[in-house]
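Enquirer: Submitted below is the structure of interest, expressed as structure tokens.
The values are calculated or read from the model by the stated rules, or taken from the named source; none is laboratory data. Just so you know, these numbers come straight off a predicted model, no measurement behind them. Cβ: placed from backbone, ideal geometry, glycine included. Neighbour counts: every protein chain shown.
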């Protein structure tokens, strides 16, 4: 939700930005983390896991990655299927 908004507002071709998705992995990770958080408080636990995993793909080695991993774990815990969060390297 938020990641799409950022991508539309700051396209890769925008002069001076050099592509927000590549230039700001923390920002993109946080956008996915916010989507995961809202899904969590709304009880959409599968969406929490999906948003967190999409964020993992763009967050890089940032503090957003830590939050995304925690959100993924929260979503999986609410689902209760016993799947563990993926280890990140």
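Enquirer: Which one of 39, 3 is modelled with pLDDT under 90, crowded, with 17+ Cβ neighbours inside 10 Å and either at positive phi or in a helix (DSSP H, G or I) (or both)?
Expert: 3
Enquirer: Looking at 12, 78, can you tell me which residue is part of a loop (DSSP other than H, G, I, E, B) and modelled with pLDDT under 95?
Expert: 12
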